[in-house]
Amino acid sequence: MSLGNIFDIAGSGMTAQSLRLNTTASNIANAETASSSTENAYRARKPVFAAIQQAMLNPDQHQGFGTSLDDGPGAGVRVEGILESDAELQMRYEPNHPAANEDGYVFYPNVNVVEEMADMMSSSRSFQMNVDVMNTAKSMMQRILTLGQQ
Amino acid sequence: MAITFDKALGIHEHALQARVQRAEVLANNLANADTPGYKARDIDFRAMMQKAQESVSGLQMATTHHGHMDTSSPGSDGELLYRNPHQPSVDGNTVDAQEEQSRFMRNAMDYQASFQFLSSKFSGLTKALKGE
């Protein structure tokens, strides 16, 4: 329980958000990647976030799931995994496309660019917020070092 | 009567401690602003301060019998309480990022105030020791 924990918490938030931004970048970059079959087609990737519970990290010390300050208020956020979207792929009839199958169809990814842009803005804002938190914690910590000085 | 730091510094030491703890809880809320199912939490600062005030002033109820009830209000032991969301979201997350951020900033300001009080106590003590 100290100001130092805030750095870990904000750091975990920044890591998670930058990973989210990474998947967004990958999705937008591959928005027009065509393929000849549904199996090989690129699918939109989404990270799944989960809260880290400090009490779960050392279960022998604490029984609860962080119901009191003594158990710790939690330790930030982690990325549990990256899922691929189940949304339907776009099938387009382009017989002249080099990747077209026998019937003349190509498969485009199920990436929704508008959604990805909104996601990008959301994650960049959340990233900024975590940077702000870290900056504030830093100035609080610097202040405590001047305790007792004139 | 011995002079102790506890008596000299009064409530401000506890206040500063509580501010640091609250900053941590709020930072955790902000880090989990996009986590599905995460419930925003906070501590009851007033209840914590009341308890600290009682322990500093020495005016708390004595519990001399196991049947005596604890008179301190809920949340005074630093229990983490859940926030009531204004706009519940579909994914079960109750963090309102803007509100949490303003609370975090305000908490940082209050921390500075508490710090200033504590720092003044120290400089007062130093002055008294030097006899200036």
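The values are calculated or read from the model by the stated rules, or taken from the named source; none is laboratory data. As the structure is a computational prediction, the values presented were derived from the model and not from experiment. In this analysis, Cβ positions are derived from the backbone assuming ideal geometry, glycine residues included, and neighbour counts consider all displayed protein chains. Keep in mind that these areas ignore ligands, DNA and RNA; they rest on the heavy atoms of the full protein, side chains included. Shrake-Rupley method; radii C 1.70, N 1.55, O 1.52, S 1.80 Å.
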Inset, instruction - Using a 10 Å cut-off on Cβ atoms, rank the peptides B:111-124, B:80-93 from the highest mean neighbour count down. - result: B:111-124, B:80-93
Inset, instruction - Report P(r) for chain B: all Cα-Cα distances, bin width 5 Å, range 0 to the bin holding the largest distance, values in whole percent. - result: 2, 10, 15, 16, 15, 13, 11, 8, 6, 3, 1, 1, 0
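Is there a simple number for the mean count of other chain Cβ atoms within 10 Å of the Cβ of residues in B:33-40, and what is it?
Other-chain Cβ atoms within 10 Å of each residue's Cβ, averaged: 6.
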Legend entry - Theoretical FRET efficiency, 1/(1+(r/R0)^6), r = Cβ-Cβ of residue A:96 and residue B:91, R0 51 Å, to 0.05: 0.75
Legend entry - Cα pair count fraction exceeding 15 Å, expressed as % - the stretch B:84-132: 65
Inset, instruction - Would you mind working out the accessible area per residue for the stretch A:92-150, using a 1.4 Å probe, and quoting it in Å²? - result: 62
Inset, instruction - Evaluate the Kirkwood expression for the hydrodynamic radius of the stretch A:97-150, namely the inverse of the mean inverse distance over all pairs of different C-alpha atoms, and round to one decimal in Å. - result: 15.9
Legend entry - Accessible area per residue, Å², the stretch A:4-48 with all protein chains present, probe 1.4 Å: 43
Legend entry - Over the protein assembly as shown: helical MRE at 222 nm, DSSP H runs n ≥ 4 each giving -39500 (n - 2.57), nearest 500: -16500 deg cm²/dmol
Inset, instruction - Would you list the P(r) distribution for chain A, with all Cα-Cα distances sorted into 5 Å bins from 0 and each bin expressed as a whole %? - result: 2, 9, 13, 13, 12, 11, 10, 8, 7, 5, 4, 3, 2, 1, 0, 0, 0
Inset, instruction - Go through the stretch B:101-121 and flag every residue whose accessible area shrinks by 40 Å² or more with all protein chains in place compared to the isolated chain (probe 1.4 Å). - result: B:101, B:104, B:111, B:112, B:115
Legend entry - Rg(Cα) / (2.2 N^0.38 Å) computed for the stretch B:1-56, rounded to two decimals: 1.53
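What whole-number value in Å² describes the accessible area per residue of chain B for a 1.4 Å probe?
On the way: 7890 Å² over 132 residues.
So chain B comes to 60 Å² accessible per residue, rounded to a whole number.
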Legend entry - Sequence-separation-based contact order of chain A, relative, with Cα cut under 8 Å and 6+ spacing, percent: 33
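Counting only protein heavy atoms and rolling a 1.4 Å probe, how much accessible area do A and B lose on contact, total for both sides, in Å² to 100?
So the buried area, both faces added, is about 3100 Å².
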Legend entry - Simple Cβ-charge dipole of the protein assembly as shown, Lys/Arg +1 and Asp/Glu -1, about Cα centre, in debye nearest 20: 1460
Inset, instruction - For the protein assembly as shown, give the percent of accessible area contributed by carbon and sulfur heavy atoms, probe 1.4 Å, rounded to a whole number. - result: 54
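Counting only C-alpha contacts under 8 Å and six or more residues apart, can you give the relative contact order of chain B as a whole percent? Could you put the intermediate results ahead of the total?
Working: 130 pairs, mean separation 49.0, N = 132.
After rounding, I find 37 percent.
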Legend entry - Shape call, the protein assembly as shown: gyration tensor on alpha carbons, a/c limit 1.5: prolate
